[in-house]
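Structure record follows, encoded as structure tokens.
The values are calculated or read from the model by the stated rules, or taken from the named source; none is laboratory data. None of the values given here were measured: they were computed from a predicted structure. Don't worry about glycine lacking a Cβ; one is built from the backbone with ideal geometry, like all the others, and counts go over all protein chains shown. The accessibility values were calculated without ligands, DNA or RNA, using every heavy atom of the protein model including side chains. Shrake-Rupley method; radii C 1.70, N 1.55, O 1.52, S 1.80 Å.
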Amino acid sequence: MATWYLAKIRFQREDEAGSLKTINESYLIDAVSYTDAEARVFEIVASNTPEFQITNLTKMKLSEVFFEENGAETWFKAKVQYISFDEKSQKEKKTAHIMLINANDPGEVYALLKKNLGSLNDYQITDINITTILEVCPYEPENELLKTGNFRPVAEVLAEQEAAQQ
């Protein structure tokens, strides 16, 4: 399960009139720790924003993040309550889950959630809210150790040793 961190940054940019304007942006980062999240923010943001500060870094409890290939850049946070029946108490039990999805408007969010969650009637979509998240950065498994170290594949080393013994 992914651990998501919401990073808020602040920087100053000069506008058309020549005055400095303070800009606040939010990024959602998939990372293993606060330190990793902070490092990934610097890796992602530093290329196009030279001088910025991380003003806030918090864990965000999300059950699911849906990446839709619809060209939408606006991220919405949706609250979905799953309904189950508790045999012991003989009552319905509702469990809330927070999900994130990119879409153009709340109507599209509702339709996409219905499509992604299926047609079963065991859930209710109770809230859909727009977020200030500019970009969602999932973890992309790269072998960072091999990228930074002087490492070679084991097969290559064994072949080299075998050739040396002959």
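Details
- Accessible surface, 1.4 Å probe, highest first, among residues 64, 160: 160, 64
- Distance violations [Cα-Cα > 29 Å] among 59/91; 61/114; 21/61; 93/114; 21/79: 59/91; 21/61; 21/79
- Taking the chain and dividing mean pair separation by its residue count, relative contact order in percent (alpha carbons under 8 Å, at least six apart): 23
- In the chain, the longest principal axis of the Cα atoms and the axis of helix 154-165 are about 20 degrees apart.
- Summed side-chain charge close to residue 65 - residues other than residue 65 whose Cβ falls under 13 Å, Lys, Arg +1, Asp, Glu -1: -2
- Annotation: amide H of residue 139 within the under-5 Å range of 30, sequence separation 5 or more or interchain, hydrogens built in the peptide plane.
- Percent accessible area from carbon and sulfur atoms, the chain, protein chains only, probe 1.4 Å: 49
- For region 65-120, the solvent-accessible area works out to 63 Å² per residue, with a probe of 1.4 Å and every protein chain left in place.
- Listed values for region 73-83 are Karplus-derived 3J(HN,Hα) couplings in whole Hz (6.51 cos²θ - 1.76 cosθ + 1.60, θ = phi - 60°), namely 10, 8, 9, 10, 9, 10, 9, 10, 9, 7, 10, and x replaces Gly and Pro.
- Here the mean projected area of the convex hull built on the C-alpha positions of region 44-84 is 5.2 nm².
- DSSP beta bridges confined to region 41-145 are antiparallel in about 85 percent of cases.
- Folded to 0 to 90 degrees: helix 106-117 orientation relative to the chain principal axis, Cα: 70
- Shape of the chain, Cα gyration tensor, a/c cut at 1.5: oblate
- Taking 7 Å steps out from each Cα toward its Cβ at residue 42 and residue 111 produces label points 4.4 nm apart.
- Inter-label distance, residue 157 to residue 33: 2.5 nm, where each label sits 7 Å from its Cα along the C-beta direction.
- With Cα atoms, 0 to 90° folded angle of helix 34-45 axis to the chain main axis: 80
- Region 14-87: C-alpha gyration tensor shape, a/c 1.5 cut-off, then a/b vs b/c: prolate
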